[in-house]
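To start, the structure under review is shown below, and the notes come after it.
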Amino acid sequence: MSKNSRRTASTAKVGAAPCTVMVCRGCCCGTPKVPGLDHRAQLTDLRASLAGVANVRPTDCLDACEQANVIVIQPSAEGRKAGGRPVWLGLVNGPDAAADITAWVKAGGPGLAEAPDILDLYTFAPSRRIRQALDD
């Protein structure tokens, strides 16, 4: 079996692109500027709890430092088709917020499942410039 055949076969098994959970680890997020949070453990826990469900990846500064720690939930391909758009969450500095994010993504995430009401406290709208840079 060629590499391309294997890739196509594995993609067919997995289906469309899952949600992506982007965890900012730039200049303020993921640093001692947010005291009392084990940043490495937060990322490790998200990866473990969302394994096989979503892609969890750290990213450089998302330029929303006043909201540190920032996590952006990008919808799956199916969620995007259903009208889901990226959801920006700020001040995600505790295990309860991460657990709520995990539960929502496991339920389908943006476009497919309603976010827990508590996440409204974390949701914010980044500047248009930042959103456009992320969408490019």
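Derivation of every value follows stated rules applied to the coordinates shown; laboratory data play no part. The structure presented is a predicted model; accordingly, all values stated were derived computationally and were not measured. Ideal geometry is used to build each Cβ from the backbone, glycine not excepted, and the neighbour counts take in all protein chains shown.
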Go ahead and run the numbers for FRET between Ala41 and Asp63, Cβ-Cβ distance against an R0 of 22 Å, rounding to 0.05. 0.35
If you take every DSSP beta bridge whose two residues both sit in region 15-135, what share of them, in percent to the nearest 5, is antiparallel? 55
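Would you mind giving the average projected area, over all directions, of the Cα convex hull of region 40-136 in nm² with one decimal?
Details: hull surface 24.3 nm².
Here the figure is 6.1 nm², rounded to one decimal.
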